[in-house]
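K.L.:
One structure is given below, represented as structure tokens, and several questions about it will come after.
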Amino acid sequence: METYPLSIAMFDFVPVTLFLVGAFFLVRMALQMRGSPCGRMAMAGSLLVFLGGFLKATWKLLYAAEVADIRWMSEVQFALVAPGFLALLVTAILMARGRRKAAASPVMAIAAWKIPLLAVMTLSSMGAQGILAYLSFQRRVPLAAVGFIVAFLCLVAMGGMASGEQTVAKQWIEESINTLGQLGFMVGAILLQRDVRAKGC
């Protein structure tokens, strides 16, 4: 059984909060660029990703504080985050396609059932960050693109650290990388949304 220092468990809420701030601006941008259907998809995807991360962080805090081990709060993360990032990927694709309004498209140890969800989550998240970086370059907002590229690279780094023994030092490194990635996403979303608002589209 893995052990989590209380300090790491509390720090786990930082990247979750950074993502939520970035997602707020992403939803506003989707509404401005593509209308309500795309905005609702961005909101739904963001809420799923946030809820998955928040429940995982809450489980870790309760577990580290030796209050309870509510395992489903950790396990459900994959079931929520995978479709959430898929929705954000579709949102990014719709925003990158142009200015026309478009209808929304429906869309621990790794257990066997988690593997496809992990693949969807990772690929969708990386795809969304990549498209948002491309959109930022296209709109001549290079600092926003840098933010999304940082988020993309942090996802790659997190994937590379997924295996192996989870020591306390490694957990701190993973949390730091995750926080940096979510900070990049937040900054990119804020700057890109400001550009969309300033230009009216």
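Coordinate-derived values only; no laboratory data. None of the values given here were measured: they were computed from a predicted structure. Cβ sites come from the backbone with ideal geometry, for glycine too, and all protein chains shown count toward neighbours.
K.L.:
As a footprinting exposure proxy, order 139, 197 by other Cβ within 10 Å, with the fewest listed first.
P.N.:
Fewest to most other Cβ atoms nearby, the residues stand as 197, 139.
K.L.:
A follow-up question, please. Could you point to the residue in 153, 58, 132 farthest towards the positive end of the range 6-199's charge dipole, with +1 and -1 charges on the Cβ of Lys/Arg and Asp/Glu respectively?
P.N.:
Of the listed residues, the answer is 132.
K.L.:
Going by C-beta contacts inside 10 Å, put 72, 59, 172 in order with the fewest on the left.
P.N.:
72, 172, 59
K.L.:
Same structure, new question: List 69, 195, 12 from most exposed to least, where exposure is judged by having the fewest other Cβ atoms within 10 Å.
P.N.:
69, 195, 12
K.L.:
Here is a further query. What does the extension gain come out to for residue 71 and residue 13, with contour length at 0.36 nm per residue minus their alpha carbon separation?
P.N.:
Result for the pair: 19.1 nm of gain on full extension.
K.L.:
Compute the Rg to Rh ratio over the range 6-199 from the alpha carbon atoms, using the Kirkwood formula for Rh, and round to two decimal places.
P.N.:
0.98
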